Structures are given as C-alpha cells and as structure tokens.
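The values are calculated or read from the model by the stated rules, or taken from the named source; none is laboratory data. Given the structure is predicted, the values throughout are model-derived calculations rather than measurements. Cβ coordinates were reconstructed from backbone atoms using ideal geometry, including for glycine residues, and neighbour counts include every protein chain displayed. We work out accessible area using only protein heavy atoms, side chains counted, and drop any ligands, DNA or RNA first. Shrake-Rupley method; radii C 1.70, N 1.55, O 1.52, S 1.80 Å.
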Amino acid sequence: MKLKLLIIIALYFSLCNAAQAQSKLKAIKAGRLVDVVKGTVLTNQIILIDNDKIVDVGPSLAIPQGAEVIDLSNATVLPGLIDCHTHLSMTPGDNYYEDIFRKTAIDKAVVAHLNTQRTLAAGFTMVRDLGGSDLIDVSLRNAINAGTIPGPRMLVATFALSATGGHGDLTGFSPEIDWRTNKDYTGIADGPDEIRKRVRNNVKFGADWIKIHATAGVLSEEGSAGAALYSLEEMKAAVDEAHRWGKKVAAHAHGAEGIKLAVLAGVTSIEHGSLLDDEDIKLMKKNGTWLVSDIYDDDYILSEYAKKGYPAKIIEKERSVGKLQRENFQKAVKAGVKVAYGTDAAVYPHGWNAKQFFYMVKFGLTPMQAIQSATLNAADLLEWKDRTGSITKGKLADIVAVEGNPLDDITILEKVKFVMKEGSVYKNEMAK
C-alpha cells in the first residue's frame, strides 16, 4: 500500500514537472505595438505567450508567476515579417559564369542555411520560396521545421515551370550543356500534358506552391523581358492541375499579355508585374489576384550586375523594365489591387529583404500599408492568416521589434533588433 502511494506521489510530481517544463510562459512588455488589423499603434501593451502561441494581448494584463519577462518597452513591436518571393537555396555570387558553370548543387546546399539565418535575423519569420534547384528548398524547409537549422517558416515551390527556351531554361549557351543528375529535376514543359506532369512531379517532391513562368524574364538570356511564353490553355492546365492537388499557383510575369493570360487562367499571384497595363489592373481587381512586386531590385541590379560580369543584354533588359515596374506598381496601388510583400531575394544578398519597404512607400503605399503588405496581407495570400500575420490571441508568436517608430521612418525596419519565431527568441539586441 505504501509502495503504491509512493508511486502515485512520484507520478504526480513527474507530471507536474513535465507540465511545467512544457509550459514556456513569456511576457513581452511592448512600448508601442503595431496593430496591423486595425491599422493603429497601441502603447504599453503586454503580450502573453505560452510555448509557440500568443495567449493574450492587452494594456494591463497580469503577468503569470514564473513567466520570462522580455522588456521591449522602449521599442516598437510588430508581427513577424513575411516575404512572399525568395530563393533561399540560391546565393548571389560575384561572377555570372562561375555561378552557372562552377557551382554544383552541393556548393549551393552547404551555404543555403546561412541564407535562412540571415533572413530570420532580418525579421522575416516566414517566406514563400519560389523556385530552387535539386530540391534544396525542400531540404531547407524540412530542416527548419525539424529544428535542425534556424530560419523562417518556408513554403516552397521546387522547380518553376517554364517553356523551352524561356526564363527557366538555360539559354544563350551550347545546347550540349546539361548537368542534371536527375532528369526529372526540371520545370521545363511544353503543352498541357507535359505541364500537368511537371505539376504532379513538383507535388510529389514536396511543393507547397506551384510557380510558372508566364513570360520571359530579365536575368536570363532570352531576347525579351516580357513576351508571353505560355498560352492560356497551357496556363489553365497548370492551374487546374495544381488545384486538383490542393495547391495555388504564382506566376512570374513581366509583360502585359502574359499577365492577362495568367490572371484569366486563375493564378493566385502575379510576381513582378513590371509592364502591367490598365486592362491587367482591372482583371486583377475583378479576380482578386495579388500583386507581388520586387521594386527594390532595380537599384541593386543596375549598380552591381555589370561588375559581376552579367551580359550587357541582361543589364539593358533591366533598364527597360525597372522604372516602368515602379510606375505601374504605383498605378496598381492607386487602383486598389491587392499587394503582398515579395522581394526576389537572391537577386541581392539575403538579409536585405526590408530594403524594399522604402520603395513601397515612395511609390504609393503609406507606411502602415507597407507593413500590412508584409504581415496581414502576406499571411492572407499564403492562406496562413488564421495562424500568423498579426499579434493576435491564438496566433503563432511571430514577433519582431525595432528601435524608433517605422511609421515615421520606414527604413527603421532595415534594422530589426528583436526576433521571435513561434515563441522562441532568435535575436535580442535591444539591451545592447
């Protein structure tokens, strides 16, 4: 009898200790809190966190005994930022030809984890990663989810679908060049049947999203920057097949005709949108299609890419679309097209993601709208609005903080001092 009692008591204390170990209570004292749902800034808020979730937010909450207190009373606190267009498996190098001819998949993979760490340290707790080679993006996502490496939560697209000779194909070089170890590690597809197969392969390989190249591109050697390269029938095949598997489609699209066809085909987001016209804008509004426009990149490409040995035709293509992209972004914003934040990170060094905020404000958004594009709106596009995108009871504790007020100076977001993802603190420089 005594032995049974001792066992029961031991079990009770064991369960209590286990519960205490699992209950990771934290309380953040926020001097200013950006409420992206209401579009206001609250003062002197308490954010209570248990494990990975926000359990309450308010001005005068009682802090539970034993909770870890994080003092951000001199900071502005925001939801974790979201970048809807990255390439974390790609690392921008200093030599165009060396990047293409001398780097293997292993070279890319062994440094890709640095890109995830830099992105997280910049305050981006979630990304949609729109294309990579050799399934490195899938491995990064899985390693982050397992806690093996630090990084933002990733939704990945694996191999972007492209027409032969298009933006996703290797053009401008000898047709004998081919170093794919697995012939299925490609998105090159022509015609509805091939496109359906590539969508299925991507889903099999672990894609969360499907990406298609609806038009030509800038940083590739095909002649045009914006020519429509897929027909409406082909793009519908991609969208229908993706939807069959419960996936959404993002369309790389610069030219107006390709944008129109992609929207008519039912894609969820237009990436870049450089040359969109009034008809495209009307269609995007009518269909609820998102615009994800990387309007910082022009500065970096024109400043640095000639030094990296990029061919003159690529630099000239950027000159032809960069200014127009910003002007058309401004038109789309004014017309009320839905905008989500996306940078095409890898075009410039990872960790610089927040540099785009300045340009979004310069070309039409208010500072609050720019922040909403990278929080609430981005979460909405990614269908994660119920789990992240705002500092709200019940959502994941994805929280960042900066010194000063980004609503007065949006460039403050380029210097994030505090990063919490899912209740774990990855960076805290506020005390330094």
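Screening Asp398 on (1) under 14 Å from the mean Cα position of the chain (by Cα); (2) surrounded by 24 or more Cβ atoms within 10 Å (Cβ to Cβ); (3) not hydrophobic (A, V, I, L, M, F, W, C) shows it passes everything except condition (1). Considering only residues in the range 40-73 that are open to solvent by 50 Å² or more (accessible area, probe 1.4 Å) and polar (S, T, N, Q), the one that is farthest from Val400 (Cα to Cα) turns out to be Gln65. Flag: Leu264 matches the condition of being open to solvent by 30 Å² or more (accessible area, probe 1.4 Å), within 25 Å of Ile195 (Cα to Cα) and modelled with pLDDT of 95 or more. As a summary of the residue check, Lys286 satisfies the conditions (1) at pLDDT 95 or above; (2) buried (at least 16 other Cβ atoms within 10 Å of the Cβ) except for the one numbered (2). The set of residues from the range 34-62 being free of Cβ contacts under 8 Å to residues at least 12 places away in the same chain and assigned to a strand (DSSP E or B) comprises just one member, Thr40. How many residues does the range 101-119 contain that are out of contact with any helix residue (DSSP H, G or I) (no Cβ under 9 Å at 6 or more places or on another chain) and either surrounded by 24 or more Cβ atoms within 10 Å (Cβ to Cβ) or aliphatic (A, V, I, L, M) (or both)? So the answer is 4. All but one of (1) under 23 Å from the mean Cα position of the chain (by Cα); (2) assigned to a helix (DSSP H, G or I); (3) crowded, with 16+ Cβ neighbours inside 10 Å hold for Lys317; which doesn't? For Lys317, the failing item is (1). Among the residues making up the range 346-355, those that are out of contact with any Phe, Trp or Tyr (no Cβ under 7 Å at 6 or more places or on another chain) and surrounded by 24 or more Cβ atoms within 10 Å (Cβ to Cβ) are His350, Ala354.
Just give me the residues in the range 131-143 being open to solvent by less than 70 Å² (accessible area, probe 1.4 Å), on the phi < 0 side of the Ramachandran plot and either acidic (Asp, Glu) or out of contact with any Leu (no Cβ under 9 Å at 6 or more places or on another chain) (or both), in sequence order. So that I can check it myself, show each step before the final result.
Of the residues in the range 131-143, the ones open to solvent by less than 70 Å² (accessible area, probe 1.4 Å) are 131-138, 140-141, 143.
The next check asks that each one be on the phi < 0 side of the Ramachandran plot; those that pass are 132-133, 136-138, 140-141, 143.
If the condition is that a residue be open to solvent by less than 70 Å² (accessible area, probe 1.4 Å), on the phi < 0 side of the Ramachandran plot and either acidic (Asp, Glu) or out of contact with any Leu (no Cβ under 9 Å at 6 or more places or on another chain) (or both), then Ser133, Asp137, Val138, Ala143 are the ones that fit.
For the range 356-379, taking the residues that are open to solvent by 60 Å² or more (accessible area, probe 1.4 Å) and in a helix (DSSP H, G or I), the one that is farthest from Lys331 (Cα to Cα) is identified as Phe358.
Exactly one residue among Tyr348, Tyr341, Tyr426 is assigned to a loop (DSSP other than H, G, I, E, B), over 26 Å from Gly288 (Cβ atoms), touching a residue at least 40 places away in the same chain (Cβ under 8 Å) and hydroxyl-bearing (Ser, Thr, Tyr), and that residue is Tyr348.
This table checks each residue for (1) over 26 Å from Thr388 (Cα atoms); (2) open to solvent by less than 10 Å² (accessible area, probe 1.4 Å); (3) under 16 Å from the mean Cα position of the chain (by Cα); (4) touching a residue at least 12 places away in the same chain (Cβ under 8 Å).
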| site | (1), (2), (3), (4) |
| --- | --- |
| Gly147 | no, no, no, no |
| Thr158 | no, yes, yes, yes |
| His167 | yes, no, no, yes |
| Asp178 | yes, no, no, no |
| Tyr185 | yes, no, no, yes |
| Pro192 | yes, no, no, yes |
| Ile195 | yes, yes, no, yes |
| Ala214 | yes, yes, no, yes |
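No other residue among Ser231, Ser274, Ser269, Ser224 is open to solvent by 40 Å² or more (accessible area, probe 1.4 Å) and touching a strand residue (DSSP E or B) at 6+ places or on another chain (Cβ under 9 Å) apart from Ser224.
Report yes if some residue within the range 187-210 is aromatic (Phe, Trp, Tyr) and more than 16 Å from Gly132 (Cβ to Cβ); otherwise report no.
no
The number of residues in the range 296-311 that are in a loop (DSSP other than H, G, I, E, B), open to solvent by 30 Å² or more (accessible area, probe 1.4 Å) and not basic (Lys, Arg) comes to 3.
Can you tell me which of Lys421, Lys427 is surrounded by 16 or more Cβ atoms within 10 Å (Cβ to Cβ), more than 23 Å from Gln369 (Cα to Cα) and not β-branched (Val, Ile, Thr)? Working first, answer last.
Values: Lys421 fails: more than 23 Å from Gln369 (Cα to Cα).
The conditions single out Lys427.
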